[in-house]
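Here the structure comes first, spelled out in structure tokens, and everything after it is commentary.
The values are calculated or read from the model by the stated rules, or taken from the named source; none is laboratory data. A quick note: this is a predicted structure, and the numbers were derived from the prediction, not measured. Don't worry about glycine lacking a Cβ; one is built from the backbone with ideal geometry, like all the others, and counts go over all protein chains shown. All accessible areas refer to the heavy atoms of the entire protein, side chains included, with ligands and DNA or RNA removed. Shrake-Rupley method; radii C 1.70, N 1.55, O 1.52, S 1.80 Å.
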Amino acid sequence: MADLEKTGKNLENRGFRVHRFASGAEAAEFLVQTLHGTSIGIGGSVTIDTLGVYDRLCGSNKVFWHWKNHAPETRERAGKAETYLCSANGVSENGEIVNIDGAGNRVASAIYGHKKVWIVAGKNKLAPTYDEALWRARNIAAPKNAQRLCAKTPCAVRADHCYDCKSPGRICRALTVLWGAMMGSDME
């Protein structure tokens, strides 16, 4: 298990601002209060959905999330929002943030185009090393996402690990690793 304090310090050393909360409810309240009066794009994220912040954010912001509004232009509007909110598939104790994406909207928005990027991750995303964070992204997060999306892939059917398949339904098409906060972007 990764050390939470050490992970936070290493993320800060890599240029990320870090906030720690005792519960998801505290994190949700912080986000709702902090992200007041801005346009917000949200990338596909079970973590964000579980926090239940979408409806609350809509009260004082323009919020674009393709999971809640299925209009074709929603992803594009999310990509042009002032603020972007997403999660991570894995975070190493050294401070590397790993994400895998199928369409590319989430990883692209996490690395470019927004004044502010918020990456929300629970303790379940933490791993002691980069290799273990990458393993978590490929063998835990990706198969769960493939199942949730009803993908016809070996990882979704067998629910055990990544098969590095060539399936047309494959949702693992891009991998990003943030070794530090992107230049010109405020990342928390």
Mind checking which pairs have a first residue in the stretch 59-79 that is under 13 Å from SER109 (Cα atoms) and of a type in the set (Lys, Arg) and a second that is open to solvent by less than 80 Å² (accessible area, probe 1.4 Å) and outside any loop (DSSP other than H, G, I, E, B), Cβ under 6 Å, 6 or more apart or different chains? ARG75/ASN105; ARG77/PHE64
For the stretch 126-140, does any single residue satisfy the condition of being outside any loop (DSSP other than H, G, I, E, B), of a type in the set (A, V, I, L, M) and over 26 Å from SER23 (Cα atoms)? no
Is it true that VAL120 is open to solvent by 20 Å² or more (accessible area, probe 1.4 Å) and in contact (Cβ under 8 Å) with a residue 40 or more places away in the chain? yes
Before we move on, is ASN99 open to solvent by 20 Å² or more (accessible area, probe 1.4 Å) and either modelled with pLDDT of 95 or more or not in a strand (DSSP E or B) (or both)? no
For ARG77, indicate whether it is out of contact with any Lys or Arg (no Cβ under 9 Å at 6 or more places or on another chain) and surrounded by 13 or more Cβ atoms within 10 Å (Cβ to Cβ). no
Take the conditions out of contact with any helix residue (DSSP H, G or I) (no Cβ under 7 Å at 6 or more places or on another chain), at pLDDT 95 or above and open to solvent by 20 Å² or more (accessible area, probe 1.4 Å) and apply them to ASN10. Does it pass? yes
Would you point out the residue of the stretch 19-33, among those that are part of a loop (DSSP other than H, G, I, E, B) and surrounded by 13 or more Cβ atoms within 10 Å (Cβ to Cβ), that is farthest from the chain's Cα centre (by Cα)? PHE21
When every residue in the stretch 149-187 that is more than 21 Å from GLY90 (Cβ to Cβ) and not in a loop (DSSP other than H, G, I, E, B) is compared, the one most open to solvent (accessible area, probe 1.4 Å) is VAL157
Evaluate the stretch 34-57: report whether one residue or more is part of a helix (DSSP H, G or I), without any contact (Cβ under 8 Å) to a residue 60 or more places away in the chain, open to solvent by less than 50 Å² (accessible area, probe 1.4 Å) and out of contact with any Gly (no Cβ under 6 Å at 6 or more places or on another chain). yes
